[in-house]
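J.: Quick one: structure below, then a few questions.
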Amino acid sequence: MATPRRLQFVYAQTAAMVASIVILVLLNSFTLELFFVLSLIGLLITTELTAPFTVTPKWRRRLRWVILLGLAGFGYLITRRLVRILSTS
């Protein structure tokens, strides 16, 4: 059963992702890369804003792995973009 804090986190993350899609579509610049980056930023902000002060629940400790995978994906995107820029010049 989900706790109220976990539901708050899920709702906030979902809202951040939906807002990212809406903004990118309105600006006519939707790409999966931009959506991924904005979703990762939303995840990091949501994680910090909903962080407990005293005890860290088990599901929050598992969230670190999701963040690490997201940061690894971000590093991959940056590396790919740098290779593309350096190969054209």
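Just so you know, all these numbers are worked out from the coordinates, no wet-lab data involved. What you are looking at is a predicted structure, and each value in this text was computed from that prediction instead of being measured. A quick note on method: Cβ atoms are made from the backbone with ideal geometry, for glycine too, and the neighbour counts reach across all protein chains shown.
J.: Right, ARG64: closer than 20 Å to THR3 by Cα and among the basic types (Lys, Arg) or not?
T.: For ARG64, the condition - closer than 20 Å to THR3 by Cα and among the basic types (Lys, Arg) - is met.
J.: Under the condition of being out of contact with any helix residue (DSSP H, G or I) (no Cβ under 7 Å at 6 or more places or on another chain) and surrounded by 12 or more Cβ atoms within 10 Å (Cβ to Cβ), which residue from region 12-36 is farthest from PRO57 (Cα to Cα)?
T.: Top of the filtered list is ILE23.
J.: What is the residue count in region 1-11 for residues that are surrounded by 10 or more Cβ atoms within 10 Å (Cβ to Cβ), without any contact (Cβ under 8 Å) to a residue 40 or more places away in the chain and in a helix (DSSP H, G or I)?
T.: 3
J.: Residues of region 37-89 being surrounded by 13 or more Cβ atoms within 10 Å (Cβ to Cβ) and among the polar types (S, T, N, Q), which ones?
T.: The answer is SER39, THR46, THR47, THR50.
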